[in-house]
Amino acid sequence: MNTEEMRSGLDACVHCGFCLPACPTYLALDDENDSPRGRLVLMRALLDGQVAPDDPDVAKHLDQCLGCRGCETACPSGVPYGRLLEGTRERQRAQAPLPFVARLVLAVFAREWLLRPALAVARIARGLGLARLATRVAPHALRMPAAMLATTARKAVAEYSPRGDGSRGRTALLTGCVMEGLLPALNRASERVLAENDFQIVEAKGQVCCGALHAHAGDTGTARDLARRNIAAFEASGAEFVAMNSAGCGAMCREYGQLLAQDPAWAARAAAFSAKVRDVSELLAVAGPKPTTPDATHPTLVAWDAPCHLQHAQRVVDPPLQLLRAIGDVRLVPLVDSAQCCGSAGIYGLVQPEVASRVLAPKLARIHESGARVVATANPGCLMQIGSGLLLEGSTVQARHPVELLDAAYARARQTD
Amino acid sequence: MVRDASGGLRIRGAGTWMHVGAPVIASQELHLDAFAGVRRYTPGDLTISVGAATTLAELDVTTRAQGQWCPLLPWGDDRGTIGATLATATTGPFAEALGRPRDLVLGVECVDGRGRIVRAGGRVVKNVAGFDLTRLMIGSWGTLGVITEVHLRLRARPSADVTLMVEGAASEAMRRFVHGALPPLAALPLGEGIARTLGHAGPGSWLLRLGGNAEQVAAARAALARLGACLELAPESWDIVRRELAPEPRAASWPWTPLMQRVRAAFDPRGVLNPGLLAERAA
Amino acid sequence: MADAALPVESLAAELGAIVGARHVLTRPSTLLAYESDALPGYHKRPRLAVFPGSQDELVAVVRRLAKDGLPFVARGAGTGLSGGALADDAVLIGVQRLRRIIAIDAEARTATVEPGVVNATLTRAAAAFGLHYAPDPSSQAACTLGGNVAENAGGPHCLKYGVTLNHVLRAHVVLPDGELVTLDRGDQGGYDLLGAFVGSEGCFGIATELTLKLTPNPEAVLTMLADFTSVAAAAEATSRMIAAGIVPAALELMDQATIRAVEESIYAAGYPIDAAAVLLVEVDGPRAGLEADANAVSEICRAAGAREVKRASDAAAREKLWQGRKKAFGAMGRVAPHLVVQDAVVPRTQLAALLNDIASIGERHGVRVCNVFHAGDGNLHPNIPYDANDADESARVHAAMQQIMTRCIDAGGTITGEHGVGLDKLPYMERLFTADTLDAMCTLRETFDPARRANPGKVVPLHSCREWNGLPALRGGASS
């Protein structure tokens, strides 16, 4: 974002304060500096040179933003908060580098040859039960990451051959870095339910991490590199739709058009790519999706947690609920503040563990109040954040992706056929 | 009763306070007769400005002609003045549904104990400009200032207005009705004495006033008919009730807190307004 | 003043010992966010900001400040529109951490809350009992009840249900000198000091605990949108409705400029963008007879020239119509970077004439006036979007506003119906009230705060107070 764009984005704020109750960090920290309105004031002060670019307090409050963009769907005057935040972080990075942990994580995610082995080690640790063990015996700071890892474990599901006719168009799944590394079962489930609902699944070879983590941290250069590689990979696949089962990646991929708008060679290709991006739930909602027979005797109480990057960034609200309603033995129970951030936010949990857990606390409380046995959410970060919170509490409530629930229902239906 | 004396409250002071701002310490009756009558009435605004000595009866006649009313209907009778009603913050059986003096007054003009002519509030129905001297004067028994003119919020009279005596209803059922979806304008459990005065001597009887549009009142009547025997009475029954059941004036139990003493001292530093009325010596 | 000698750091350390160091801010960069409330264009730097986490901490903070005679300003969510929460070198006391709902008594229909509880949060909590908190300022999703009480806040549904004043039953207040008092309406005798406190804009002390009236949810609600080809016709319909004695739960007017800003926003409500004005009318109450009221409203609107009167089909449609109205002020940010917001009230028979005059004042000064307001109360909100960096435009906007306000005062109206005087409307006070009346207001303030340390420089111009003339202005004090 150039200075002009930044300024006009900031000018849209009339300081009404309607964003305050929509901001999870304001609610957790009680300081307006940790609210959208307060952070916009800080962004403007940075832009105007009213505060030093390396002012530690300013950096702290901007870093404490989850980037959930819950404020954007509360803002009457349409302040482009997410873009302003990224623009500000980009400027900050020019002044001061990120903390070491953050730089390390981002570097690994940008390099397949580092990421694959790293995730493989993580899988082995998880397989040996080390992650679950660490949630109890590891130093405090490591328990949350360990729990996050442990919560990605999945039992093998009964597989089935989808019966769709492929008539709804060629579709390639962004398999994603974390998803394919830690939750490959979820990717396979996504492919199966899409195929079952008449989408033709094709593979997009050469795809990489979407770059969301880098963009959010202000490393726009790396984000652009990753975007170009993905655009090329999906173009080559001939897919009409780019399917997303991770809300964070979906939001990023929809913004490739803006990210590369200044790059003459890529602007049009990026815009065309972004226009093809759909959340899995959106594709399924268009398709129906095929319902499964209700199991009146054993309904599962499911609460829907709307991931920020689905609800606020992509404004996809209803399709996941349609998907869940198609599952015969799911009974949806309302989750208060469903659209409020759980505190996951990419690598936030690693850099701001304390704030992340303060933000998570009310989410867990609402989940328990809802009486749900399963909390459904559609983003790997949220699955791990909420899942780990539940695990550390010793709760038996499980965090699952809606697609996993639908896939399991299809598999069960097939067994009774 | 204070209201009966309200043509001239026992405001003691001298006539000079109106103009020069220097109260004379002398025992004198201050008569407010000059401050009677309607000053400004725009029915379309549902507001009226009247002199403090205007009687409730005159207010009622004037507004009734336009299908409106000032629904204070305080305990006591309509020979009392609006000024006294406000100075004593006297409520009535309709207060819960239609408002207390503090809810229905938009502004007052008064002369405080320092001789200042204070024009507090205004004539419009919503106003937060400045500190609220209006609420301060209401219920101050003339000990902070002498109210000379008041601006009131009026309401349209309900198109259907029915007074019913309900006999033989269980009190819990009546309580549920009163707090239910069809709340009455007033609901009063009647003792045997007043019931007899109204000409109906059933034990456990209630007097209710229903107001609203025809359908609402019909629905409320139907609901009440299921609870007990209903008998329609003339609306004037309420005048009798207001006269007969008036409670003791609250001035007798005035709680002097240090803050209230400071307020009194600030607005009437010489103690010329109704001195002794609120037993301030004892405080 | 004695306070000048005390270094900020040592005061901060002492306050930090009371509330926790994390909850005291002293660095300029962390005070930036607290330099303004929701009144655009005004910035005042607090000396420091402190955020007590309990009633006891709040009282201790006030007592500590009293010890050194330091001025302070209470702040809730900073959603006020008159600059009432601006602290010019005073200590800013934020109450947003005091957000316990202490009790809800469903039988008595009351709630006891701390001042930092958000308005909409109380209604949400009361919903389980079929109750709600009736005053519903447009900022209700964010604003605090303590702030509502300080400003005597209104809102669309105050037309039928009354303003904040009518819904406060008791307040525990810490006076500026640290004394604790309990204020009530005087139902059992005693001056109505609660009535004086509500709307005192933080000048009389800080409420530590409030007991509020809760209102039963109506059995049925009907919401209508009437669409007019002229603002005058919509105003005329309003005047006729009031004169006919219909009391809608709410009666709101939005003109075309406002409609367009809302329709471009995330809160697009489906208002007709070619309408010159719309009226949003809601009737509520018992199901019996409600249809008759709604029909009467429709007929009056049509007779006054409405093209169409639509009804919200269900609760979701109703909510959408309301969200558009409630977020209209924020949506103005789309029109221009800055905004002047006014809050005058005029007699309801004069609405059409006043709106006409306001439009011509706007034209004369070459500024765009957007109207969105509580028509049923005659409570106008003429808003003028503009660019404060354009000196010429700013001058024209302020000249136009001054004329609009003068016109409203001359019509027998007032300068603020619900936003408060704050800093923004100080210049109009002497036009509205006599010198005697302003002096009496000063007397009232001094009984609560003899040193005038609470929210200095607000509400009443300092020079209006005879006893204060000749005394040196406080630090952070007003214009004189």
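Can you pull out the trypsin sites (Lys or Arg not before Pro) in region A:258-311 that DSSP calls coil and that have at most 14 other Cβ atoms within 10 Å?
none
The stretch between C:Asp187 and C:Ala220, if pulled fully straight at 0.36 nm per residue, gains 8.7 nm over its current Cα-Cα span. Taking the Cα centre of region C:336-426 as origin and assigning +1 to Lys and Arg Cβ atoms and -1 to Asp and Glu Cβ atoms, the resulting dipole is close to 200 debye.
Site pair A:Arg93 and C:Glu299 shows an inter-label distance of 6.8 nm when each label is modelled 7 Å from Cα along Cα→Cβ.
Using a cut-off of 30 Å between Cα atoms, the listed pairs A:Lys155/A:Lys205; C:Lys44/C:Lys327; C:Lys67/C:Lys213; A:Lys205/A:Lys363; C:Lys160/C:Lys310; C:Lys67/C:Lys458 include C:Lys67/C:Lys213; A:Lys205/A:Lys363 as exceeding that distance. Between amide H atoms placed 1.01 Å from N, distances below 5 Å from A:Ile201 occur with A:Thr171, all of them 5 or more places distant or on a separate chain.
Across peptide C:282-289, the average count of Cβ atoms from other chains found within 10 Å of a residue's Cβ is 6. Once both labels are positioned 7 Å from their Cα atoms along Cα-to-Cβ, the gap between B:Ala218 and B:Ala234 label points is 2.7 nm. Relative to one another, the C-alpha centroids of region A:246-295 and region B:116-160 are positioned 62 Å apart.
Less than 5 angstrom separates the built amide H of C:Leu131 from those of C:Asn217, all sequence-distant by 5 or more or on a different chain.
Exposure proxy for A:Val121, C:Val247, A:Val317: other Cβ atoms within 10 Å of each Cβ, ordered fewest to most, give A:Val121, A:Val317, C:Val247.
Rounded to the nearest 0.05, what FRET efficiency do A:Glu393 and C:Asp390 give with R0 = 45 Å and r taken as the Cβ-Cβ distance? Could you check? Efficiency for this residue pair is about 0.20. Using 0.36 nm per residue and subtracting the Cα-Cα separation, the extra length available between B:Asp60 and B:Arg226 on full extension is 56.4 nm.
Put in line by how crowded their Cβ is, counting other Cβ atoms within 10 Å and starting with the fewest, B:Thr88, A:Thr222 read A:Thr222, B:Thr88.
Rounded, prolate or oblate, given the Cα gyration tensor of region A:233-345, with a/c below 1.5 counting as rounded? The shape class here is oblate.
The phi torsions of region A:59-69, fed into the Karplus equation with coefficients 6.51, -1.76 and 1.60 and a -60° offset, translate into couplings of 4, 4, 5, 6, 5, 6, 6, 6, x, 6, 6 Hz, rounded to whole numbers, with Gly and Pro shown as x.
Near the amide H of C:Leu339, within less than 5 Å, lie the amide hydrogens of C:Tyr386, all on another chain or at least 5 residues away, with H placed in the peptide plane. What the phi angles of region A:210-226 give under the Karplus curve with 6.51, -1.76 and 1.60, with θ = phi - 60°, is a coupling list of 6, x, 4, 4, 5, 4, 4, 8, x, 8, 5, x, 4, 4, 5, 4, 5 Hz, glycine and proline written as x. Taking a label point 7 Å from the Cα of C:Ile273 along the Cα→Cβ vector, which residues of region C:303-341 have an amide N closer than 17 Å to it? Residues passing the 17 Å test: C:324-325, C:328, C:331-336.
For a test of the definition: using alpha carbon positions, the gyration tensor, and the 1.5 limit on a/c, classify region C:218-335 as rounded, prolate or oblate. Taking the square roots of the gyration eigenvalues as a ≥ b ≥ c, region C:218-335 is oblate. Looking at the calculated P(r) for region A:3-95, what percent of the C-alpha pair distances fall above 17 Å? Percentage above 17 Å: 42. At an R0 of 60 angstrom, the distance between the Cβ atoms of A:Arg163 and C:Ala292 translates into a FRET efficiency of 0.55. Put the Cα centre of region A:355-384 next to the Cα centre of region A:176-214 and the gap is 24 Å. For region C:84-100, putting each phi into the Karplus relation 6.51 cos²θ - 1.76 cosθ + 1.60 with θ = phi - 60° gives couplings of x, 9, 7, 10, 8, 6, 8, 7, 8, 10, x, 9, 5, 7, 8, 10, 8 Hz, in residue order, rounded to whole numbers and with x for Gly and Pro.
The mean number of partner chain beta-carbon atoms within 10 angstrom of a residue's beta-carbon across peptide B:114-121 is 5. At an R0 of 60 angstrom, the distance between the Cβ atoms of A:Glu203 and C:Val8 translates into a FRET efficiency of 0.40. DSSP bridge analysis restricted to the protein assembly as shown gives an antiparallel fraction near 75%, rounded to the nearest 5. Note on C:Lys425: aspartates and glutamates with a C-alpha under 12 Å away, same-chain residues under 8 apart excluded, are C:Asp343.
For the pair A:Asp263 and A:Leu301 in one chain, pulling the backbone fully straight at 0.36 nm per residue adds 8.9 nm over the alpha carbon distance.
Where in region A:194-222 does the label zone of A:Arg116 land, with the point 7 angstrom along Cα→C-beta and an amide N cut-off under 12 Å? Backbone N within reach: A:206-207. The spacing between region A:86-158 and region B:179-237, judged by their C-alpha centroids, is 73 Å.
Charge dipole of the protein assembly as shown (Cα centre as origin; +1 on each Lys and Arg Cβ, -1 on each Asp and Glu Cβ, all else neutral): 1900 debye, rounded to the nearest 20.
Is the shape of region C:347-388 rounded, prolate or oblate, going by the alpha carbon gyration tensor and its root eigenvalues a ≥ b ≥ c, with a/c under 1.5 for rounded and a/b larger than b/c for prolate? It comes out oblate by the Cα gyration axes.
Read the figures in this text as sums done on the coordinates, not as results from a lab. Not measured: the values here are computed from a predicted model. Every residue, glycine as well, gets a Cβ built from its backbone with ideal geometry; the counts of neighbours run over all protein chains shown.
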